[in-house]
Every structure is written in C-alpha cells, then in structure tokens.
Amino acid sequence: MGFDQYHEPPSELSEETRTFARMIASLIEEAEAINWYEQGIFAEKNEDAKAIMQNAQQEEFKHFGMDLEFLLRQKEKWRVTLKAILFKDGDIVKLGEKGEHKAE
C-alpha cells in the first residue's frame, strides 16, 4: 500500500489521523495474510508445511487482533458497537443493529 494509503494530502492530516491510517492499513494487511494462509493450508498436502502455515496464520491473527484493539481504543463508538456483537450468541445482524443503537 505504501504512501498511497491517504485520500487527502498527508500534510493536511494530523499525526493522530496518520497513525490511524497506518493501523487500518496494518489491519488490512493482516487480514490478507490470514486469507492467503487459509488458502495455502487448504491446498497444502505436506503435513509439516501445513503445520508451519497454520502457526504463521495464528501469528497473523494475533496481529490482526492487536491492530483491531488499538483502533477500538481510539473509537469509542466502534468499541460499543462491537461489544454488542462479538462473543455473543444469536442473530449477528440483530446484534449489530443493537450495537449501532447503543453507540448512537
């Protein structure tokens, strides 16, 4: 992604906004890596290679979670919304709607 991650001139963005953009980019990169490993794990026939990819995917998943937590600490409304959705039983869409209402 490089420096093309900004939609506005970087010089017009605060340091906080540039950090936010970096963390969003990192979250996207981690999600892509998780996906690539998932595909490789599915296709790989060698059990040793598969185990290595599974271990690497777990690391990417940890990084994804750390990125997400950082972002949620910056955006209280996001945190409130996701608290209503994550780790809950029930209809995911309904939980999302409930979370949105809580965040308003």
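The values are calculated or read from the model by the stated rules, or taken from the named source; none is laboratory data. Here the structure is a predicted model, which is why all the values come from computation and not from measurement. Using ideal geometry, Cβ is built from the backbone for each residue, glycine included, and neighbour counts are taken over all protein chains shown. Ligands, DNA and RNA are stripped out before the accessible areas are found, and what is left, the full protein with its side chains, is counted by its heavy atoms. Shrake-Rupley method; radii C 1.70, N 1.55, O 1.52, S 1.80 Å.
Within the chain, which whole H helices from DSSP have a Cα span along their axis of at least 20 Å and a mean Kyte-Doolittle hydropathy of -1.0 or more, if any?
On the way: long enough: 15-43 (42 Å, -0.12); 47-74 (41 Å, -0.75).
Taking the DSSP H segments of the chain (at least 20 Å long, mean hydropathy at least -1.0), we get 15-43, 47-74.
Taking amide H positions as placed in the peptide plane 1.01 Å from N, state which residues far from Ala84 in sequence (5 or more) or on other chains have amide H under 5 Å from it.
none
If you work out semi-axes √(5λ) of the Cα gyration tensor in Å from the coordinates, which of [x] 29, 23, 10; [y] 53, 18, 15; [z] 38, 21, 11 do you get?
This structure yields the entry labelled [x].
Taking the Cα-to-Cβ direction at Glu97 and at Glu29 and moving 7 Å from each Cα, how far apart do the two end points lie in nm?
If labels sit at Glu97 and Glu29, their model points lie 3.9 nm apart.
Lysines within cross-link reach of Lys75: Cα-Cα under 22 Å, excluding same-chain residues under 8 positions apart?
Within the straight-line limit of under 22 Å, Lys75 reaches these lysines: Lys62, Lys83, Lys88, Lys94, Lys98, Lys102.
I'd like to check one number: the per residue accessible area of the chain, probe 1.4 Å, reported in Å² as a whole number.
77 Å²
Put a dot 7 Å past each Cα toward the Cβ at Thr19 and Tyr6; how far apart are the dots in nm?
1.7 nm
For the chain, with all protein chains present and a 1.4 Å probe, just round the carbon and sulfur fraction of the accessible area to a whole percent.
56 percent
Pop the C-beta distance of Gln58 and Val80 into the FRET formula with R0 = 35 Å and round what comes out to the nearest 0.05.
Values: r = 28 Å, r/R0 = 0.81.
FRET efficiency, Gln58 to Val80: 0.80.
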